[in-house]
1. What does a probe at residue 223 reach in region 167-205, counting residues whose amide N is under 14 Å from the point 7 Å along Cα→Cβ?
2. Using alpha-carbon pairs under 8 Å, 6+ residues apart, how would you state the relative contact order of region 85-173 in percent?
3. So what's the projected area for region 51-99, the Cα convex hull averaged over all directions, in nm²?
4. Could you give log10 I(q)/I(0) at q = 0.15, 0.21 Å⁻¹ for region 70-218, computed by the Debye formula over C-alpha point scatterers of equal weight, without solvent?
5. Compute the relative contact order of the chain as a whole-number percentage, counting only Cα pairs closer than 8 Å that sit 6 or more residues apart in sequence.
6. State, as an integer percentage, the relative contact order of region 113-250 based on alpha-carbon contacts under 8 Å between residues 6 or more apart.
7. Hey, any idea what Rg/Rh is for region 204-250, computing Rh the Kirkwood way over Cα pairs?
8. For residue 188 paired with residue 90, estimate the spin-label separation in nm (one decimal), with each label point 7 Å from Cα along the Cα-to-Cβ line.
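Where a number appears in this text, it was derived from the coordinates with a stated rule and is not lab data. Note that the structure is predicted; figures quoted are calculated from it, not measured. Here the Cβ is made from the backbone with ideal geometry for all residues, glycine too, and neighbour counts use every protein chain on show.
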Amino acid sequence: MAANIEWSAKWSWRRAGALMVGALGMAFGIVACGTPATSEVEFTETPSSVRITSGTGNVSVAARDAGATVLREVSASGDEPTPTAELVGNELVIDDGCGDRANCQVDLTVTVAGTADVTITSAAGGITVVDMNSSVTIAGAASNVLLNGITGPIAVSLTRGDLLGARLVSTEASFHTDAGDLDVTLTEPFTSLSVTSGAGNVTAQVPGGSYDIEVNAEDGTVDIKVEDVDGAAASIVMRTGSGDVTIYKR
């Protein structure tokens, strides 16, 4: 599809399977020096959730069978930040360590048990989450987001940025950006879907069936290719302040 070709030009995300497993530990150890500096940590324990706080770097999360691995790549002037990754109870808590520092970027690549719930807070930078059988919650100030193969509830809220969601199997999913395009594909029946943008196109591809649909395009076109039935079991909300609304059957 043309939309996927356009998106692929914007995105470059590494395969999670290419990660080298580092030594077991509870703190980052240097694997390679240089620019950027790279470090890695592996956890044999399987967390029930992962919480990531990121400044301006890219964040990638992908599923593995058990345990967790965290890889970081640091680009910073002056002293390096001190990122942290630790198990707090059953939650893996990761922080890039940049805080409010200028000229500090840490790219985080995380592989974690596919059942772990994922929460990401990002100030800026790309976010990719792939093949997680769990809930995904993302809050980004200025982030482009790629979701692929998520089977749990999804909640994404962006101040600015585009989102592409593919192979989503979520009974409840909510996507919002104040400025940007949202394009999502749900492959299985669901209960509720909300896709809203302050300024941008909103597009949803959904299974065939009847839906209770609420749409609003203040300055754009509306194109609905599925059946709209008041009171239907599944609901769709699609809104944009400036852009087009499109709902079509997969």
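1. 201-205
2. 19
3. Averaging across all directions leaves 3.8 nm² for the Cα convex hull.
4. These q points yield log10 I(q)/I(0) values of -0.81, -1.33.
5. Details: 742 pairs, mean separation 29.9, N = 250.
Value for the chain: 12 percent.
6. 16
7. Using Cα coordinates only, the ratio equals 0.97.
8. A separation of 2.1 nm, rounded to one decimal place.
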